[in-house]
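Each remark here refers to the structure printed beneath this line.
Derivation of every value follows stated rules applied to the coordinates shown; laboratory data play no part. On a predicted model such as this, the values are computed, not experimentally measured, just so you know. All Cβ positions, even for glycine, are placed from backbone atoms using ideal geometry, and neighbour counts span all protein chains on display.
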Amino acid sequence: MLIELIPLLMFAAVCAVLMLGYPVAFTLAGVALVFAGFGIVTGVFEPNLLRTFPSRIYGIMANYTLVAVPLFVFMGTLLEKSRLAEELLENMSRACRSLPGGLGLSVIIVGALLAASTGIVGATVVTMGLISLPTMLRQGYHPSLAAGTICATGTLGQIIPPSIALVLLGDVLSNAYQRAQLSQGVFSPETLSVGDLFVGALIPGLVLVSLYLLYMLLVARWRPTLAPAAPSEERISTGRLWLSLVPVSALIILVLGSILLGIATPTEAAGVGALGAALLALLKGKLDLARLKEVARSTTMTSAMIFTILIGASLFSLVFRGFGGEELVEGFFHQLPGGVFTAMLVVMVIIFLLGFILDFIEITFVVVPIVGPVLLAMGVDPIWLGIMIALNLQTSFLTPPFGFALFYLRGVAPASVATSALYRGVIPFIVLQLLVLCALALWPGLATWLPQQLSL
C-alpha cells in the first residue's frame with residue numbers, strides 16, 4: 001500500500017522543497033533521483049527506465065515548436081528594453097487623460113499589448129508598475145484601483161496570444177493528447193498545435209480585456225474620485241499617438257495574424273516577431289550594441305531557465321510514471337462521482353492552489369503531463385482544457401495572499417502603497433476572471449468555435 005503512495009509522496013516532496021527556496025529545475029530532478037534510488041535499492045523501481053532519459057533530452061532539443069520560446073522572449077524583452085512600450089503608454093495616456101478613467105483605460109490597452117508581446121507575467125507587471133503606477137498615483141487614482149489594474153493587466157500574458165505560456169502548454173498538451181489517443185488504441189492520433197491554442201485563446205482573451213475596460217469605465221462614471229481625469233492641456237496630437245501605436249500593434253497583428261491564417265507556424269511567426277521588434281527599435285534609434293547585449297543576455301537567461309526546468313520536469317515525469325503515478329491518478333479520477341465534471345473541478349482547484357507556490361512553467365511541466373492524458377482520455381477537448389488551465393493560472397497569480405503578480409508589483413511599488421491596498425485592488429479583477437472562467441466552463445465553444453471555423 002505504501003508503494004502505491006510513492007507518487008503522491010514525490011509530489012509532496014517537490015512542493016515542500018520548493019517552499020524552502022531551492023531552484024525549481026534542480027528540485028524536480030533531485031527529488032526524482034532520490035526516489036528512483038530508493039526504488040532501485042528496494043526493488044520497486046525498474047532502473048532501465050532511467051536509460052530512456054537521454055532520448056527525452058534529445059527530444060526536447062529537437063522539438064521545433066519550443067524554438068518559439070527564445071524568439072518570443074527576445075521580441076518581448078526588446079520591446080521592453082528599447083522603451084517602445086513606455087513611449088506607447090505615455091502617448092496614449094496623454095491622449096485619453098481628459099476622459100474619466102482615461103489613464104486606466106490606457107494602462108489596460110497598453111498592458112494587453114505588452115502582455116501579448118512578452119507573455120511573461122513578471123516582466124509585464126514590473127514594467128507596467130515602473131511606468132504607470134507613479135503616473136496614476138500623481139493623477140489622483142486610488143492606490144487600490146491603480147495597483148489592481150496593473151496586476152490584472154500583467155497577468156493577461158497568460159491568455160492573450162502570442163503567449164509563451166500557451167506555447168509551453170500547447171507542446172505539453174500535444175504530447176498528452178497523443179498519449180491519450182494511443183492508450184485508447186488510436187494509432188493515427190490527431191494532433192494539437194500551439195496555433196490551435198492561440199486561436200482558442202483569442203475570444204476569451206478579448207472578452208477578459210473588454211470586461212476590464214468596462215469595469216474601469218463604470219468606476220470612472222460612478223466613482224470619479226477614484227479615477228479622475230487629467231487637465232486637457234496634457235493631451236497629445238493624433239499623429240503622434242498613431243506613430244507610437246501603429247508599429248507595435250502592427251507587429252503583434254502580423255505575428256498573430258500569420259498564425260491564425262495558417263501562413264506561418266508559431267515558430268516561424270516568432271522569428272518574424274523577433275526581427276520586427278529589432279527593426280522597430282532600430283528605426284526608433286533605440287537599438288545599439290549595449291542594449292542588444294542586454295536583451296540577448298536577458299533572453300538567454302530566461303530561455304535557459306525554462307529549458308532547464310523542462311529537463312528536470314521530464315526526469316520527474318519519467319520517475320513518477322515508473323512508480324505507477326499515472327495509473328494512480330487515472331484510478332482516482334475514474335472513482336470520482338460525477339465523471340468528467342468532477343475530475344475537471346478537482347484539477348482546476350489543484351492548479352489554482354499550486355499557482356500560489358509555483359510559476360506557470362513548473363505547473364505546465366509537472367502537473368499537466370500527469371493529469372492531461374487522463375482528462376483527455378476521458379473525452380475532454382484539448383483546446384478547451386488548455387484555455388481553462390491558462391485562465392485558471394491567471395486567476396491564481398492574482399489571488400491574495402500568495403499571488404505572484406502581487407509580489408512582483410510589491411517589489412517596485414512605492415512605500416506609500418500599502419500591501420492591503422494591493423489585495424483590495426485585485427479583488428474586482430479576480431471576480432471578472434472567475435466570471436470568464438465559469439462562462440468558458442459552461443460554454444466551451446468560446447474556446448473551440450473559432451478553431452473549428454478556421455479548420456473548415
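Which of the aspartates and glutamates could be linked to K286 by a straight reach, that is with a Cα gap under 17 Å, when you skip same-chain ones fewer than 8 residues away?
Leaving aside aspartates and glutamates fewer than 8 places away in the same chain, those within reach of K286 are E80, E86, E87, E90, E294.
Relative contact order, percent, of the range 1-92 when contacts are C-alpha pairs under 8 Å separated by at least 6 residues? Present the calculation step by step, with values, prior to reporting the outcome.
On the way: 20 pairs, mean separation 13.0, N = 92.
Over the range 1-92, the number comes to 14 percent.
Distance in nm between label sites at V67 and Q453, each 7 Å beyond Cα in the beta-carbon direction?
Those two pseudo-labels are separated by 3.2 nm.
Evaluate 2.2 N^0.38 Å with N set to the residue count of the range 320-377, then give the Cα radius of gyration divided by it.
Ratio of Rg to 2.2 N^0.38 Å for the range 320-377: 1.12.
Quick check: Cα centre of the range 145-192 to Cα centre of the range 1-37, how many Å?
The distance from the Cα centre of the range 145-192 to that of the range 1-37 comes to 24 Å.
Each label point is 7 Å from the Cα along the Cα-to-Cβ direction; what then is the distance between the points at S416 and L213, in nm?
Simple spin-label model gives 3.0 nm for this pair.
If you count, for each residue, the other Cβ atoms within 10 Å and average over each peptide, how do 195-202, 267-274, 381-388, 254-261 line up from highest to lowest?
Working: 195-202: 25.8, 267-274: 22.1, 381-388: 24.0, 254-261: 18.9.
By packing density, highest mean first, the sequence is 195-202, 381-388, 267-274, 254-261.
How many nm is it between the label spots at Y58 and I427, if each spot is 7 Å from the Cα in line with the beta carbon?
5.7
Per the Kirkwood formula on distinct C-alpha pairs, the Rh of the range 31-94 is how many angstrom?
Values: mean 1/r = 0.0624 Å⁻¹.
After inverting the mean inverse Cα-Cα distance, the result is 16.0 Å.
In units of 2.2 N^0.38 Å, what is the alpha-carbon radius of gyration of the chain?
1.00
What's the FRET efficiency of Y22 with V346 using the Cβ-Cβ distance as r and R₀ = 35 Å, to the nearest 0.05?
On the way: r = 28 Å, r/R0 = 0.79.
E between Y22 and V346, to the nearest 0.05, is 0.80.
Using the Cα atoms of the range 285-341 to build a convex hull, what is its mean projected area in square nanometres?
Details: hull surface 27.8 nm².
Mean shadow area of the hull around the Cα atoms is 7.0 nm².
Summing -39500 (n - 2.57) over the DSSP H runs of n ≥ 4 in the chain and dividing by its residue number, what mean residue ellipticity at 222 nm do you reach, to the nearest 500 deg cm²/dmol?
The helix contribution divided over the chain gives -25000 deg cm²/dmol.
Using 0.36 nm per residue, how much length does the chain from L283 to Q335 gain when fully extended, once their Cα-Cα distance is taken away? Intermediate results must be reported in sequence, preceding the final value.
Details: separation 52, 0.36 × 52 = 18.72 nm, distance 6.05 nm.
Result: 12.7 nm gained on full extension.
Given R₀ = 56 Å, FRET efficiency for M301-L9 by Cβ-Cβ distance, to 0.05? Let's see the in-between values first.
On the way: r = 33 Å, r/R0 = 0.58.
The value I calculate is 0.95.
When all alpha-carbon pairs of the range 382-455 are counted, what percent fall beyond 18 Å?
On the way: 1335 of 2701 pairs.
Looking at the range 382-455, the distances longer than 18 Å represent 49 percent of pairs.
Taking only C-alpha pairs under 8 Å that are 6+ residues apart, what is the relative contact order of the chain in percent?
Relative contact order comes out at 27 percent.
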